[in-house]
Structure formats: C-alpha cells, structure tokens
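Input: a single structure, listed below in structure tokens.
The values are calculated or read from the model by the stated rules, or taken from the named source; none is laboratory data. Just so it is clear, the model here is predicted, and its values are computed rather than measured. Please note: Cβ atoms are built from the backbone with ideal geometry, for glycine as well, and neighbour counts cover all protein chains shown.
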Amino acid sequence: MRWQGRNQSSNIEDRRGQSSRSTGGKTTGIVGIIILLIGAYYGVDLSGLVGTPSIGTTTTQPSTLNTQQESQLRELAGVVLADTEATWREYFAKHGATYTPTTMVLYTGGTHTACGTGQAAMGPFYCPADRKIYLDLSFYEDMRTKLGATGDTAFGYVIAHEVGHHVQNLLGTLPQVNQAQQQARSQAEANALSVRLELQADCYAGIWAKYAQKENLLEVGDVEEAIKAAESVGDDRLQKRSQGYAVPDSFTHGSSAQRMAWFQRGFNSGDINQCNAFAANS
C-alpha cells in the first residue's frame, strides 16, 4: 500500500505514554454493568471490557514496538484514517449529507473511554458513546505473531472495519440492531444480529479498499493481505484455536469465510447498497 509521505488525518488523539484513570474508586462492578448496557444499546459486543483487572486505574505498559515502528505505524494509521474520511465524505455528499468523521485515540496498554476502560488485549474497538476508535499500535505485532496476518493493508483493513462501525452509528444502524436484539427470542438470535453488523462493517472496509484502488494506492498483493486479515479474525478460526472446536450459535463476528466474502463484496462493488448484511439469505 502506498502510504509513506501522504496526507494524514488530523482527527487523532494521542494518549500514548499516559495512564488511564477513571473517576471513581470501587467501579469494577458498576462500570461492568454500564459497559454491558452500552454494548446492548448500540448492538456492539463490548463484553471484553467487563472483568478486566484494575478498571479504576490502569498502569501504562511499555510498548513492544521500537521508536521507528511506532512512528511508522502512527503515520500509517493516520493515512488510512484520512482515506476513510475521503471515502465516506464522498458517499455522504452524494446523498446530500455531511460526513462527521470519527476520532482515533492512540494509547498504550489501557485508556479510559465513554464505554469503560479499554485494554490493549481487547484489540481495536469503536465506542459509540463517544464516537471514537481506540487503537494500541502494538496490535500490528499481535496480528503478525498471533493471527498470522501481516502487512500494512491488513492493518488498514482493521482500521477501516472500525470506521465502518462509526458509519453504522451515523446511519442509525446500531440503534436499529439494538432494538432487534432486545426483541430476540434467544441469545443465538441476538448473536446472529451481531454477526450481520460485523459483516456489514467488513463490507464497508471493502469499500475503503475500492477507494484506495481507484486512487492507485494499492500495490500487488495488497487486497490479498486484507482478505487474509479478515480470514484470521473469523469466529470459527479463533474458537478452534482457543478451544479446539467452533460453536456457530455463539459467533458474534462471523466465520472466516463470511468475513472474507463480505470484504470482497464491498471491494468488488464499491457500493454501500451491496452491504446490506441484514437482508434475507445474506
């Protein structure tokens, strides 16, 4: 991916090197409940936040990246975020609306969010309550060493996916999914709605990749990098790695095959209307 020396987004809040402190003392149980409520309201799985240690105070941990890596990944993240802004600004303008970009918060170890205390171990996430994306740059190394997904475009896919959740928030998809989940007859049915939400975000990430291709920003093998990244975070693959088998009814993000297919759907079409993962037989 051609990203060196290009324009970076100004919508980045850099908290690296700061410690995370919440406003209360005995907050673990209360914050945990709040997080669950926020997650339920917006249709986003934030359960990874619940039960994290030291939710009142999070000590900043040293980055596993060296200074040069940190600098390069900071630039890459800024460029990808700028490209997503151009992608969605164009779409919203065509429909007579103005795109309000998300803010990306860079942190190390842990940080406070409007959705509770975020931890690097959770991976990148979007908090609908403050409309911000939270990213510890060391996730790049986690992708490489733990998930087998490497490359700048793979990292770009992750960022574009989280921006996809922001677009869903702006378009009203998240509260609509929440309402449907409240009416779900079982946890499996609620999970299935979460899967469709995530697959749509993958499709939106594909639209970002289509924009990058149109702007001649992609190089040979870049699309394959992104597709492999989508495959690496499939629920079936992650569950088989952690427990030896997959339980489809418990999926919240979709299988590897589904995630690859929906990314490709967005990339091939470049059309948000092709990203309706909630349609029958999707």
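For beta carbons closer than 7 Å, sequence separation of 6+ or different chains, a first residue in segment 157-171 that is without any contact (Cβ under 8 Å) to a residue 12 or more places away in the chain and a second that is not basic (Lys, Arg), there are no qualifying pairs. Filtering GLN176, GLN181, GLN200, GLN168 for residues that are of a type in the set (S, T, N, Q), at pLDDT below 95, farther than 16 Å from ALA82 by Cβ and in contact with a helix residue (DSSP H, G or I) (Cβ under 7 Å, 6 or more places away or on another chain) leaves a single hit, GLN181. For segment 255-279, a tally of residues being hydrophobic (A, V, I, L, M, F, W, C), farther than 21 Å from THR87 by Cα and at pLDDT 95 or above returns 1.
Cβ-Cβ contacts under 7 Å between residues 6 or more apart (or on different chains), taken from a first residue in segment 215-236 that is over 16 Å from ARG2 (Cβ atoms) to a second residue that is assigned to a loop (DSSP other than H, G, I, E, B) and acidic (Asp, Glu), are absent.
Report yes if GLN181 is part of a helix (DSSP H, G or I), under 19 Å from PRO248 (Cβ atoms), among the polar types (S, T, N, Q) and more than 17 Å from the chain's Cα centre (by Cα), otherwise no. Yes: the conditions hold for GLN181.
Checking the conditions here, which among ALA279, ALA188 is outside any helix (DSSP H, G or I), hydrophobic (A, V, I, L, M, F, W, C) and loosely packed, with under 15 Cβ neighbours inside 10 Å? Spell out how you get there, then give the answer.
On the way: ALA188 fails: outside any helix (DSSP H, G or I).
Of the residues listed, the single one that is outside any helix (DSSP H, G or I), hydrophobic (A, V, I, L, M, F, W, C) and loosely packed, with under 15 Cβ neighbours inside 10 Å is ALA279.
Residue-wise test of (1) of a type in the set (A, V, I, L, M); (2) assigned to a helix (DSSP H, G or I); (3) touching a strand residue (DSSP E or B) at 6+ places or on another chain (Cβ under 9 Å).
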residue: SER194; (1), (2), (3): no, yes, no
residue: GLY206; (1), (2), (3): no, yes, no
residue: LYS210; (1), (2), (3): no, yes, no
residue: GLN213; (1), (2), (3): no, yes, no
residue: ASN216; (1), (2), (3): no, no, no
residue: GLU224; (1), (2), (3): no, yes, no
residue: ILE227; (1), (2), (3): yes, yes, no
residue: ASP236; (1), (2), (3): no, yes, no
residue: GLN239; (1), (2), (3): no, yes, no
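Whether a residue is over 14 Å from PHE278 (Cβ atoms) and surrounded by fewer than 20 Cβ atoms within 10 Å (Cβ to Cβ) was assessed, and GLY221 passes this test.
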